[in-house]
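What follows is a set of notes on a single structure, which appears directly below.
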Amino acid sequence: MKRTPLVAGNWKMNGGQSLVASMATALAEYQGVADVVVCPPFPYLASAREQLPAAIGLGAQNVSDQAEGAFTGEVAASMLAEAGCGYVIIGHSERRALYAESDAQIADKFAQVQAAGLIPVLCVGETLAEREAGNTDAVVCGQLQAVVDAVGVAAFARAVVAYEPVWAIGTGKTASPEQAQAVHARLRQSLAENDPDIAQSLRLLYGGSVKADNAALLFAQSDIDGGLIGGASLTADSFIAICQAAE
Ligand code: 13P
């Protein structure tokens, strides 16, 4: 089955109005085949939606695990929908590690995102210690299965999964195309054990030090359907070059 590639830029806690403007201007010229999504911090979502071309998707980087109410400082999925988001990144390793997000909480967020009609981008990934201990497959498939068990495999017909090895994030040390492909194939197989059709249609992104010069080889792997880009999504030139590598 042919899956349309998807490239998403996760700005993390970077950027501002000037980056929104320069990205919107540059992406107005984009004509590639990949679906493109930009994920700026919360305060820039609404103005990004106003400025970005309609064909470019908008994503948030986090969401509350609750629908609404007395949760000071939290942002509900319905609010992200109203701000023009189509996607929400869930369970990024920085949130798992720095904010102690659990698989159960991530599954609740996943459900909230879908209840608001948005597409969750569920991140999974192993640390260097877990990889060196030979636990990569168990860790990443465990993170995926925890959400499958909570929300049901059918929900993955409207979701994206991103494999982001923690040791490759922001380190300049990308997984080799072969290393990444091996984990992607394992993740797809793990989902296929739940539902083969959904596994075949699921878009599996790779993230971790993707740059304009290594993206094409990564994206050429049979189970890699695009990328989740951090540092290289912070300048329009490098982000668009990566989008164009997903042809
Ligand atoms: P870098 O591309 O900066 O390694 O970040 C990857 C990432 O964490 C995207 O979510």
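Please treat every number below as a calculation from the coordinates, not as lab data. All values reported here derive from a predicted model rather than from experimental measurement. Cβ: placed from backbone, ideal geometry, glycine included. Neighbour counts: every protein chain shown.
Which percent of Cα pairs goes in each bin when the distances of the chain are cut into 10 angstrom slices starting at zero?
Histogram of Cα-Cα distances, whole percents per bin: 8, 35, 39, 17, 1.
Too long at a 21 Å Cα-Cα cut-off: which of K2/K211; K109/K173; K12/K211?
Values: K2/K211 24 Å; K109/K173 30 Å; K12/K211 16 Å.
Check vs 21 Å cut-off fails for K2/K211; K109/K173.
Considering all projection directions equally, how large on average is the shadow of the alpha-carbon convex hull of segment 70-207, in square nanometres? Intermediate results must be reported in sequence, preceding the final value.
Working: hull surface 35.3 nm².
Here the figure is 8.8 nm², rounded to one decimal.
When a/c reaches 1.5 or more, the comparison of a/b and b/c decides; with that in mind, is segment 19-144 rounded, prolate or oblate per its Cα gyration tensor? It would help to have the intermediate numbers written out before the result.
Values: a/c = 2.28, a/b = 1.39, b/c = 1.64.
Here segment 19-144 falls in the oblate category.
Which order do T136, T235 fall in if you start with the one that has the fewest other Cβ atoms within 10 Å?
Values: T136 20, T235 15.
Going from sparsest to densest Cβ surroundings: T235, T136.
Given a Förster distance of 30 angstrom, what is the FRET efficiency for A138 paired with A220, based on the Cβ-Cβ distance and rounded to 0.05? Write out the running numbers ahead of the final one.
Values: r = 27 Å, r/R0 = 0.91.
Result of the calculation: an efficiency of 0.65.
Starting from the Cα-Cα distance between E50 and A129, subtract it from 0.36 nm times their residue separation and give me the gain in nm to one decimal. Don't skip to the answer; put the middle values down first.
Values: separation 79, 0.36 × 79 = 28.44 nm, distance 4.30 nm.
Residue separation times 0.36 nm, minus the Cα-Cα distance, leaves 24.1 nm.
Taking the Cβ of each residue in H92, H184 as the centre, tally the other Cβ atoms inside 10 Å and list the residues starting with the fewest.
Working: H92 27, H184 23.
Ranking H92, H184 by Cβ neighbours within 10 Å, fewest first, gives H184, H92.
Near the amide H of L122, under 5 Å away, which other amide H atoms are found, from residues 5 or more places off or on another chain, if H is placed in the peptide plane?
Correct list: I90, V160, V161, A162.
In a GNM of the chain with a 10 Å cut-off on Cα contacts, which of G15, G134, G207 has the highest mean-square fluctuation?
G134
Compute a Gaussian network model of the chain, connecting alpha carbons closer than 10 Å, and tell me which residue from S222, S47, S190 fluctuates the most.
The residue with the greatest mean-square fluctuation here is S222.
Quick one: length gained pulling S176 to V33 fully straight, 0.36 nm per residue minus the C-alpha distance? Don't skip to the end; give the middle numbers.
Working: separation 143, 0.36 × 143 = 51.48 nm, distance 2.40 nm.
Value of the extension gain: 49.1 nm.
Arrange I169, I90 by Cβ neighbour counts within 10 Å, fewest through most, would you? It would help to have the intermediate numbers written out before the result.
Numbers: I169 22, I90 29.
Ordered by Cβ neighbours within 10 Å, fewest first: I169, I90.
Sort segment 1-76 into rounded, prolate or oblate with this rule: let a ≥ b ≥ c be the square roots of the eigenvalues of the Cα gyration tensor; rounded if a/c is under 1.5, and if a/c is not under 1.5, prolate when a/b is larger than b/c, oblate otherwise.
Details: a/c = 2.58, a/b = 1.47, b/c = 1.75.
Judged from the Cα gyration tensor, segment 1-76 comes out oblate (a/c at least 1.5, b/c at or above a/b).
Using the Karplus curve 6.51 cos²θ - 1.76 cosθ + 1.60 with θ = phi - 60°, what ³J(HN,Hα) values do you get for each residue of segment 112-117, in whole Hz, with x for Gly and Pro?
Per-residue couplings from phi come out as 4, 4, 5, 5, 8, x Hz.
Within segment 87-104, find all residues whose amide N lies under 19 Å from a label point positioned 7 Å from the Cα of V75 along Cα-to-beta-carbon.
Counting backbone N atoms under 19 Å from the label point, the list is 87-101.
Which one, C39, C141, C123, has the greatest fluctuation when you compute a Gaussian network model over the chain with C-alpha springs under 10 angstrom?
Checking each option, the largest mean-square fluctuation is seen for C141.
Starting from the 7 Å offset along Cα-to-Cβ, what nm value, one decimal, do you get for the label separation of K211 and A192?
The modelled label-to-label distance comes out at 3.4 nm.
Full extension from A185 to R158: what is 0.36 nm times the residue separation minus their Cα-Cα distance, to one decimal in nm?
Full extension from A185 to R158 adds 7.8 nm.
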